[in-house]
Amino acid sequence: MSLDNLNWKILKCLQENSRQSNAAIGRQVGITSPAVSERIKKMEDLGIIQNHITLISPFEVGYQLKALITLHAFMGKLKPFLEKVKTFDEVINCYRITGNENIVMEVVLRNQKHLETFIDQLIVYGESKTQIVLSHVVKNNVIKRF
C-alpha cells in the first residue's frame, strides 16, 4: 500500500488527536467515515499505524524529574543491560545508539534521591551521564510526508 495524499491527511489527523471519530476525520479530509475506517485498518495491518496510546504528564502524576541518561556499556555488559532495562519502571523510552555511548534512556523520577538510587543500579553496566529535562521544545511532532 502506498501512502497517498489522503492517507497522509488521515495520519496527520490521528497524530493530532487519535480520539476523534472517523466521521470527524472524514469531514476534514473529504471522504466518508467507512472509507476512513477502511484506510485506517489497512494502515494498521501494514504496521504503519502501530499503536493508539494515551500520553500522561509525568509531573501531574507525581514525578518531579524527567531525565535523559546515556550509558557507555562496559565490555560484555551491553547484552545483559538490554534485558535489564526492560524491567526498570522509570524508563519510558530507551534507544540503542551509535557513537561513544551505547544507550539513551528517557526516565521519570520522583525526586533527586530516586535519581541517585536509579543511577546506582546502572553502575554495574557502564558509565552513565545524566541530563535533567527542563522543558519540551518540540513534543510528539507530527510525522509528515517527505
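For this structure, a couple of remarks:
- Contour excess over end-to-end distance, with Cα ends at Thr87 and Phe74 and 0.36 nm allotted per residue: 2.7 nm
- Cross-link pairs beyond the 19 Å C-alpha cut-off, checked among Lys66/Lys113; Lys77/Lys113; Lys86/Lys144; Lys12/Lys66; Lys9/Lys42: Lys77/Lys113; Lys86/Lys144; Lys12/Lys66
- Between Leu134 and Glu38, the C-beta separation translates, for a Förster distance of 30 Å, into a calculated FRET efficiency of about 0.10.
- Around the Cα centre of region 13-55, unit charges on the Cβ atoms of Lys, Arg, Asp and Glu (plus for the first two, minus for the last two) sum to a dipole of about 100 debye.
- Cα centroid of region 84-100 to Cα centroid of region 1-26, whole Å: 31 Å
- Put in order of Cβ neighbour count within 10 Å, fewest first, the listed residues Leu65, Leu46 become Leu46, Leu65.
- Backbone geometry of region 21-27 corresponds, through the Karplus equation with coefficients 6.51, -1.76 and 1.60 at θ = phi - 60°, to 3J(HN,Hα) couplings of 6, 4, 5, 5, 5, x, 4 Hz, x marking Gly and Pro.
- The largest-to-smallest principal axis extents of the Cα set in region 30-146 are 56, 35, 26 Å.
- Helix-only mean residue ellipticity at 222 nm for the chain, each DSSP H run of n ≥ 4 adding -39500 (n - 2.57), per residue, nearest 500: -10500 deg cm²/dmol
- Sorted from greatest to least, the principal axis extents spanned by the alpha carbons of region 5-45 come out as 22, 19, 19 Å.
- Paramagnetic label reach from Ile123 (point 7 Å along Cα→Cβ; backbone nitrogen cut-off under 17 Å): within region 72-113, residues 72-74, 113.
- Straight-line reach from Lys79: taking Cα to Cα under 20 Å and skipping same-chain neighbours fewer than 8 places apart, the aspartates and glutamates in range are Asp89, Glu90, Glu101, Glu106, Asp120, Glu127.
Any read-out appearing in this document is the output of simple, stated calculations on the displayed coordinates, not a laboratory observation. Everything numeric here is computed off the predicted structure, so don't read it as measured data. Every residue, glycine as well, gets a Cβ built from its backbone with ideal geometry; the counts of neighbours run over all protein chains shown.
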